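Notes to accompany the following structure.
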Amino acid sequence: MHAPDAAGTPLNWDLYRAAVVDIRFGDRAVRVEPRPRGTAEGFFPVPVAGSSATVHVITAWNPRGRTVSDDANVHAHRLLLDEVRHRGLTWWPAEGGDACGTHREESVAVVGLSDAAARDLGRRFRQDAVFAWTPGAWRVLACDTAAVAVSGWTASTQSAPA
């Protein structure tokens, strides 16, 4: 297991800050991409009544940023889904990765968690960071430290793959 650097950020922090996330809302997919701070353009899902207006994106793939087998990733994702369902959270399927699409990780986009609870869940699955999407910002939250990277976002809607 690697430790955060002196600034409290994980080794792959710059990759997480540049990552894009695709979230499937029924028959449409939304790609969320980081943009300069203060930018908030495109579709933002209406929060479920009584929940916070934050969508957290969490994965169980490739713990600590290290590549593991497909079988290990599928098993870890299944455990994450079990946990999300057990907690009764509203969630949507998601994938995070680089903008070129060469690296993708199956994830979940959930509403109803605080930042602390999302970090705790990420930490439980040995993740370096989770994403937090609000109407005004796209944030990367380190799981093992208080480090946060704040940017703006743009979300483009497209038809979901069949």
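The magnitude of the dipole of the stretch 81-122, with charges of +1 and -1 set on the Cβ of Lys/Arg and Asp/Glu and taken from the Cα centre, is near 140 debye. In order along the stretch 137-151, the phi-based Karplus estimate (6.51 cos²θ - 1.76 cosθ + 1.60, θ = phi - 60°) of 3J(HN,Hα) comes to 7, 10, 10, 10, 10, 5, 7, 9, 9, 8, 4, 9, 10, 10, 9 Hz; Gly and Pro are listed as x. Fully extending the segment from V46 to N12 would add 9.1 nm, taking 0.36 nm per residue of separation and subtracting the current Cα-Cα distance. Between L81 and Q158, the contour length at 0.36 nm per residue exceeds the alpha carbon distance by 25.3 nm. If you average the alpha carbon positions of the stretch 138-154 and of the stretch 23-43, how far apart do those two centres end up, in angstrom? After rounding, the separation between the Cα centres reads 16 Å. Each eigenvalue of the Cα gyration tensor of the stretch 73-162, multiplied by 5 and square-rooted, gives one semi-axis; in descending order these are 19, 18, 14 Å.
Read-outs: derived from the displayed coordinates by stated rules, not from any lab. Given the structure is predicted, the values throughout are model-derived calculations rather than measurements. Every residue, glycine as well, gets a Cβ built from its backbone with ideal geometry; the counts of neighbours run over all protein chains shown.
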